[in-house]
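Enquirer: Take a look at this one; I'll ask things after.
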Amino acid sequence: MNLTVQEEIEAHGADIARICSRLGVRRLELFGSAVRGGLPHDLDFLVDLGERAPRDYAAAYFALREGLEKLFSRPVDLVTPAGLENPYFRQSVEQEKTLLYAA
């Protein structure tokens, strides 16, 4: 993981947990260039929001994205397990993901 991003993640660990807990997030994992050691313009997260009514799911999804963008002062991309349909993309994410939060 990029040292600067790793330091940011560690510094905001309690804030990440607080946001995830408040929104009922099951798991939050970092992947992408931030894990591979690049200098990311944005942060890529794999998020499991569990089973919810569509309206509640959307509200939690957008609140999480907004909260993480404010926390890290950069754009955030959220991918859900349903977004891992492409087997090559799924394999890439599975190989590099780093757990940040689990309920």
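The values are calculated or read from the model by the stated rules, or taken from the named source; none is laboratory data. No experiment lies behind these values; they were computed from the predicted model shown. Every residue, glycine among them, receives a Cβ derived from its backbone with ideal geometry; neighbour counts consider all protein chains shown. Just so you know, the surface numbers come from the protein's heavy atoms only, side chains and all, with ligands and any DNA or RNA stripped out. Shrake-Rupley method; radii C 1.70, N 1.55, O 1.52, S 1.80 Å.
Enquirer: Restricting to region 4-51, name every residue that is hydrophobic (A, V, I, L, M, F, W, C) and out of contact with any strand residue (DSSP E or B) (no Cβ under 8 Å at 6 or more places or on another chain).
Expert: Ala11, Ala14, Ile19, Leu23, Leu39, Leu49
Enquirer: Right, something else. Quick one: in region 26-41, of everything that is out of contact with any Phe, Trp or Tyr (no Cβ under 9 Å at 6 or more places or on another chain) and open to solvent by less than 40 Å² (accessible area, probe 1.4 Å), which residue is farthest from Thr80 (Cα to Cα)?
Expert: Once the filter is applied, the top-ranked residue is Gly38.
Enquirer: List the residue pairs whose Cβ atoms are under 6 Å apart, where the first residue sits in region 17-37 and is among the β-branched types (Val, Ile, Thr), the second is modelled with pLDDT under 95 and part of a loop (DSSP other than H, G, I, E, B), and the two are 6 or more positions apart or on different chains.
Expert: Final answer for the pair search is Val35/Met1.
Enquirer: Here's another thing I want to ask about it. How many residues does region 42-56 hold that are open to solvent by 70 Å² or more (accessible area, probe 1.4 Å) and of a type outside the set (Lys, Arg)?
Expert: Number satisfying all stated conditions: 3.
Enquirer: Among the helices (runs of 4 or more DSSP H) lying completely within region 1-44, list those that include at least 2 residues that are modelled with pLDDT under 90 and of a type outside the set (Lys, Arg).
Expert: 3-11, 33-36
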